[in-house]
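Report on the structure given below.
The values are calculated or read from the model by the stated rules, or taken from the named source; none is laboratory data. If you're wondering where the values come from, they're calculated on a predicted model, not measured in any experiment. In this analysis, Cβ positions are derived from the backbone assuming ideal geometry, glycine residues included, and neighbour counts consider all displayed protein chains. For the accessible areas, the whole protein counts, side chains as well, though only heavy atoms, and no ligand, DNA or RNA atoms are used. Shrake-Rupley method; radii C 1.70, N 1.55, O 1.52, S 1.80 Å.
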Amino acid sequence: MSEFWNNNNLACVKTWIHLMVLHQYNKVFKEAGSLKMSELQFWNESSSSDLREIQVKTLCHQLDNMFRSFDKAKYEEGSSLETAINQMKAIFIDKNKTVADLAEVVDNNYFFLGEQINEIT
């Protein structure tokens, strides 16, 4: 399991809960981080790459909307809708990437309301 995945990180918690709301799995937080993309509900080995691309794009936009609308997240400096979507898509398309990998991309692209700023002094 990724060392990144922990319930003190809002990107991890928000990714976990929103994927559950979107019916991609029904796992407790501790178990969800190690799930591979191929283990999520949208993944179907017999789907064409075009169909999977459409499904992934839809999931990415749903997550983006949830992060920004429900969680009041803002894009991190240097990120944008296009950047966030493209980076999430790259994770979703790779069947061996995990939910923790996705949360790390989310953390790099979104600043969540209540998130602490880590300042290096």
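Structure summary
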| item | result |
| --- | --- |
| Candidates Ser49, Ser38, Ser79, ranked by Gaussian network fluctuation over the chain, Cα under 10 Å, top entry | Ser49 |
| Rounded tilt (10° steps) of 49-65 against the dominant C-alpha axis of the chain | 30 degrees |
| Area of Leu10 that stays accessible when all protein chains are in place (1.4 Å probe, Å², to 10) | 50 Å² |
| Accessible-area value, Trp16, 1.4 Å probe, nucleic acids and ligands omitted, Å² | 50 Å² |
| Charge dipole (debye, nearest 20) of the chain; +1 at Cβ of Lys and Arg, -1 at Cβ of Asp and Glu | 360 debye |
| Added length on full extension, which subtracts the Cα-Cα distance from 0.36 nm per residue, Arg68 to Leu22 | 15.0 nm |
| As computed over region 40-121, the Cα convex hull volume per residue (Å³) | 100 Å³ |
| On Cα atoms only, tilt of 81-93 relative to the major axis of the chain in degrees | 50 degrees |
| Estimated distance in nm for a label pair at Phe4 and Ile54, the labels positioned 7 Å out from Cα along Cα-to-Cβ | 3.0 nm |
| Candidate residues His18, His61, His23: accessible-area rank, largest first, probe 1.4 Å | His23, His61, His18 |
| Assigned charges on the beta-carbon of Lys, Arg, Asp, Glu; region 23-88 dipole about Cα centre (debye) | 240 debye |
| Shape of region 1-72, Cα gyration tensor, a/c cut at 1.5 | oblate |
